[in-house]
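S.K.: One structure follows; several queries about it will come next.
The values are calculated or read from the model by the stated rules, or taken from the named source; none is laboratory data. Just so it is clear, the structure is predicted and the values come from calculations on it, not from any experiment. As a convention, Cβ positions derive from the backbone with ideal geometry for all residues, glycine included, and neighbour counts pool all protein chains shown. All accessible areas refer to the heavy atoms of the entire protein, side chains included, with ligands and DNA or RNA removed. Shrake-Rupley method; radii C 1.70, N 1.55, O 1.52, S 1.80 Å.
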Amino acid sequence: MAVHAGAAAEDAKGATSGRYRAVRAFTEKLLEPLSPEDCMVQSMPDASPVRWHIAHTTWFFETFVLAGAIPSYEPFDPAYLYLFNSYYNRVGDQFPRPQRGTQSRPSLAEVRAYRREVDARMEQLFASARLTPELASIVEIGLNHEQQHQELVLTDIRHALAQNPTWPAYQTDLDASSRHQEVNESNELDWIAFDEGVYEVGFVGDGFSFDNESPRHRVFLEPFALAGRLATNAEYLNFVEDGGYRRPELWLSEAWATVQEQGWSAPLYWVRNGGQWREFTLGGLVRLEPRRPVSSISYFEADAFARWAGARLPTEFEWESACQGLSIEGNFVESDALHPQPNPGAKGLEQMFGDVWEWTSSSYGPYPGFRASDDALGEYNGKFMCNQYVLRGGSCATSESHIRATYRNFFPASARWQFSGVRMARTI
Ligand SMILES: [Fe+2]
């Protein structure tokens, strides 16, 4: 028995270290198309420089894994504990987020050396007897955390490059047209009906999940229908051309105030040029493809569009209940399209995973019985459960190994620089 238990523990350690190497290497791959200057830019307070993202994810392993594992741990550089802490009050003060782009030191090269040194120290930990199951579970949180920041690297650099009037591409060889041929010509919108009843929602199983996906609990749902696919650019363009952004009756009060204040008249990355609509993608400025899912819209815009279309946003529990039995398939970051792709035109519930995060009408709050842990990692999710809305399903910038049917992403209602879109719902 003891031999088997020992072998199982070695397998678990091997899985943790293997996954660590793979996730960290993927961050390095995302840096390949970027110059050191690209990595310094912070285009708005909500976004961070790439240089900060890759330092901060490293700080996470240093702070929560290495310092926890090794008594009298000596940090790589004590200044980094302040510079690269995001929001964890229980481990110390933080350099102000809106000013991250004002920092040129440590340089990108120094930050990359920091990553290599922490990777070496993590390898020593993996090879030692110090990697307890508790520490391995924090490593897993750190890897999921790094995957979240990988997505932010892509969305934040897209926002930074979009400030440049020459519309530079992150990557020039993106195959954005790969799935066009498969598209069903009519691209009709099917509605998929679901019965009323008591459904179970929230995480169950042995794998990783974040604390905000638990406890699993029951909800009652009235009969509802979900759109069989995501709303498209063509449908959203109809809304724009029907005066959608000029009709207060379609908008929530706070949404209408935001439209006025920000001067919104189309999704964030749409550009009207000589009578033709284009869209700024990670592959540069391209013709607005009508059958692609609309993306980079806020909760406010998703809600107004759905109202204009005679529908509404789904609740997060309608969305999750509809997913039961579906496998996790879709256009994720691994497919290298780095942009939402047209629906292939199959019947049934399509595009639930990948392409774009789907706004729900659910406020981001705690599930019944939720309690954040008492340590610093309890600050990860719980303290943000106010004034944000839940998005589901992952996007073309999300890693496939990162997403689940129970996964809850969250952003303020006005946020629109993510790959965020809309699937309509109806009460029936
Ligand atoms: Fe973070």
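S.K.: How much of the accessible area of the stretch 63-202, probe 1.4 Å, is carbon plus sulfur, in whole percent?
M.R.: 50
S.K.: Near Val294, within a Cβ-to-Cβ distance under 10 Å, what is the net charge of the other residues, with Lys and Arg +1 and Asp and Glu -1?
M.R.: Taking every Cβ under 10 Å from that of Val294, the sum is -2.
S.K.: Kindly identify the stretch 379-428 as rounded, prolate or oblate by the Cα gyration tensor criterion: order the square roots of the eigenvalues as a ≥ b ≥ c, call it rounded if a/c is under 1.5, otherwise compare a/b with b/c, prolate if a/b is larger, else oblate.
M.R.: Rounded, since a/c falls under 1.5.
S.K.: Once the Cα gyration tensor of the stretch 117-275 is diagonalised, what are the square roots of 5 times its eigenvalues, in whole Å and ordered largest first, as equivalent ellipsoid semi-axes?
M.R.: Ellipsoid semi-axes (Å, largest first): 39, 29, 19.
S.K.: A further question follows. Give me the percent of the accessible area of the stretch 244-403 that comes from carbon and sulfur atoms, probe 1.4 Å, all protein chains in place.
M.R.: 47
S.K.: Over all distinct alpha-carbon pairs, what is the Kirkwood Rh of the chain in angstrom?
M.R.: Radius from the Kirkwood sum: 22.8 Å.
S.K.: Same structure, new question: Determine the per residue accessible area of the chain with all protein chains present and a 1.4 angstrom probe, expressed in square angstrom.
M.R.: Per residue, the chain has 43 Å² of solvent-accessible surface.
S.K.: Take the alpha carbon atoms of the stretch 269-337, find their center, do the same for the stretch 129-166, and report the distance between the two centers in whole angstrom.
M.R.: 22
S.K.: Go ahead and collect, in residue order, the members of the stretch 80-97 whose backbone nitrogen is under 16 Å from a label point 7 Å along the Cα-Cβ direction of Arg116.
M.R.: None, by backbone N distance to the label point.
S.K.: Net charge within 14 Å of Tyr245 by Cβ-Cβ distance, Lys/Arg positive one each and Asp/Glu negative one each, not counting Tyr245 itself?
M.R.: That works out to -1.
S.K.: At 0.36 nm per residue, minus the direct Cα-Cα distance, what do Glu222 and Val198 gain on full extension? Give it in nm, one decimal, please.
M.R.: 7.7 nm
S.K.: In addition: State the antiparallel share, in %, of DSSP beta bridges confined to the chain, rounding to the nearest 5.
M.R.: In the chain, approximately 90 percent of DSSP beta bridges are antiparallel ones.
S.K.: Where does the Debye-calculated log10 I(q)/I(0) of the stretch 313-418 sit at q = 0.17, 0.22 Å⁻¹, using only Cα point scatterers of equal weight, no solvent?
M.R.: Results for the stretch 313-418 at q = 0.17, 0.22 Å⁻¹ read -0.86, -1.27.
S.K.: If you take the Cα atoms of the stretch 271-366, find Rg, then find the Kirkwood Rh from the mean of 1/r over all pairs, what is Rg/Rh?
M.R.: Using Cα coordinates only, the ratio equals 0.98.
S.K.: With only Lys, Arg, Asp and Glu charged, each at its Cβ (+1 for the first two, -1 for the last two), find how big the charge dipole of the chain is about the Cα centre; round to the nearest 20 debye.
M.R.: 580
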